[in-house]
1. Let me know the charge dipole size of segment 468-591 about its Cα centre in debye, to the nearest 20, where only the beta-carbon of Lys, Arg (+1) and Asp, Glu (-1) is charged.
2. Got the relative contact order for the chain handy, in percent, Cα pairs under 8 Å and 6 or more residues apart?
3. Based only on the alpha carbon positions, what is the Kirkwood hydrodynamic radius of segment 234-348, in angstrom?
4. Nearest 0.05, what FRET efficiency do GLU105 and LEU3 give at R0 = 41 Å with Cβ-Cβ as r?
5. For n ≥ 4 DSSP H runs only, could you compute -39500 (n - 2.57) per run for the chain, divide by its residues and tell me the 222 nm figure to the nearest 500?
6. Output the peptides 395-401, 154-160, 241-247 sorted from most to least packed, where packing is the average of other Cβ atoms within 10 Å over each peptide's residues.
7. Under a cut-off of 25 Å between alpha-carbon atoms, report the lysines in cross-link reach of LYS524, not counting same-chain residues fewer than 8 places apart.
8. In the neighborhood of ASP353, defined by Cβ-to-Cβ distances under 12 Å, what is the net charge if each Lys or Arg adds +1 and each Asp or Glu adds -1?
Amino acid sequence: MDLRCPIVCVLGHVDHGKTSLLDKIRRTRVTKREAGGITQHIGASEIPTEVIKKVSKDLLGILKADLKIPGILVIDTPGHEAFTSLRKRGGALADIAILVVDINEGFKPQTIEAINILKQNKTPFVVAANKLDLIPGWDSKNKPFILNFNETSQHPNALTEFEIKLYENIIKPLNTMGFDGDLFMRVKDITKTVCIIPVSAHTGEGIPDLLVMIAGLAQKFLEKNLKLDVKGPAKGTVLEVKEEKGLGKTIDAIIYDGVAKRGDYIVLGNPDGVVVSRIKALLKPKPLDEMRDPRDKFKSVNKVSAASGVKISAPDLDKVIAGSPLRIVPKDKIEEAKREIMEEIEETTIPTDEEGIIIKADTMGSLEALANELRKKGVKIKKAEVGDVSKKDIIEAHSYGTSNPLYSVILVFNSKILPDAKAEMEKYNVKVIEGNIIYKIVEDYEEWVKEVEESLKSDEFNKLTKPAIIKVLPNCLFRSSKPAICGVEVIYGTLKVKSYLISEDGKRIGYVKEMKNHEQENIKEAKVGMEVPISIEGNIVLGKHVKENDILYVDIPENEVRMLIHQYNDRLRGDEKEALERFIELKRKLENNMFWGI
């Protein structure tokens, strides 16, 4: 039995320096090529033990540590959500996690959620307290933290500031979440206390300490889990599906158990079920290289042992999606592998609702991450698919929007909108929100929802009967009937065309057919203080049923009164509220019902 590489997952709040930290170790520049500086796809990097020994030789000498593991396989996730999709049967794919926290900013909502996920999966973790170099007065150097943390290297004020931030921003929040945490040098029992390793992705300080702590933890406490049966078939997870020149469709994968051999059969999940193919080539990146880096030069190998990242070339990979489980087996194990894959697919299916929106993404992990973010906001999802946006998606979103305008939207992460879909978007008035940063898509969606809700409220409010009280002006009875025409003053509220009028004794007078301004132009409404001529359509005779100085009220249906009180009261002006209150008072008196309008 050999020891495999421990699989280490890096999590943390956006902008707290997850990928920058790995870049410092790998000496690559992946961060600058990622959208918004945030890792949006799952990447894997192998850090051989030789590199750890070289980077951390001073520290290893001090600690008298002997590393036996072959190295560390680091998975850099798009965020804490993707951790949930990096799964194997029976638990999370990662053996250990590094939670990256900005020591100056402390815990953020995503940090807390990441810890909850780690707790849920019972995954041991350490905290990398990043951006140490930004502590006022701190002299950060590219060396182990343990050698730089003393009064000879640091000003006493800087040490005090460090201790305050360590406690307030990291130890205290950990305690709140049920964990004991302390500076790794002070921890006596690492099974009971979370080790906090201060680091700087900018200068490199603390990186030797971090590597040694992760390797030591894995070697000491996960030795049973790291035992590898070199004869067993390979189990893994698809990280990404790529088109490679000269190879066609390939997959980047993590092999977390067993051994993969060239010529074996590969069994994978896809949206239609299971794909079976035969491996043409196994390609390995150079040590410290990262699979997403376009400068990578891959080397063909005959076999790959867990845990490792590998590129696989095989026929019929077109429909395979990232996040799919895989098995690499000899021919006689294919049926068994197919059953296992189907069981895993059923476990990772994204649940959908009877009604809701459509979401699309380029990978299963991204789709799950987007769905998780939306679920936390209480958003209903009708359809969740990996792939590009098609004409069919637009038509479906339009149909969902007929029951609720807020469902006439498609959220798209890192996928394309096909030409035929673009042509239908305006025709069907479907909103498509696309982007390559998950939390930004969710923010844009929430902003769009607010705009639509505001628009819907405005439309509904504008259709309601507005409250108004008017007085018939003296010497302004211009026509007695059919229609009656007279001059009125708006005492309170807003008088709108088509509003029905009642007298103070409750008799319906008729409705406002037309209104004109002083230039004798037709107008739709008159506000408080305006004097306007109006025509009234109804069975009334001016001078008989309605006289000079009479007070008339706009007659508002009771259901609309309730809406004005409970839903739109904040949209009414003060004089409109006064008109509404007086009208309600009149109706309660006339109806002899003190609860009218409630």
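Laboratory data are not the source of any read-out in this text; all were calculated from the coordinates shown. Because the structure is a prediction, the values reported are computed rather than measured. Backbone-built Cβ (ideal geometry, glycine too); neighbour counts: all protein chains shown.
1. On the way: 21 positive and 21 negative charges, 64 e Å.
Once rounded to the nearest 20, the dipole reads 300 debye.
2. Working: 1283 pairs, mean separation 60.0, N = 598.
Averaging sequence separation for qualifying contacts and normalising by length gives 10 percent for the chain.
3. 13.9 Å
4. 0.65
5. Result for the chain, helices only: -9000 deg cm²/dmol.
6. Descending packing order for the listed peptides: 395-401, 154-160, 241-247.
7. The reachable lysines, counting only those whose Cα sits under 25 Å from LYS524, are LYS457, LYS463, LYS466, LYS471, LYS482, LYS496, LYS498, LYS507, LYS513, LYS516, LYS547, LYS577.
8. +2
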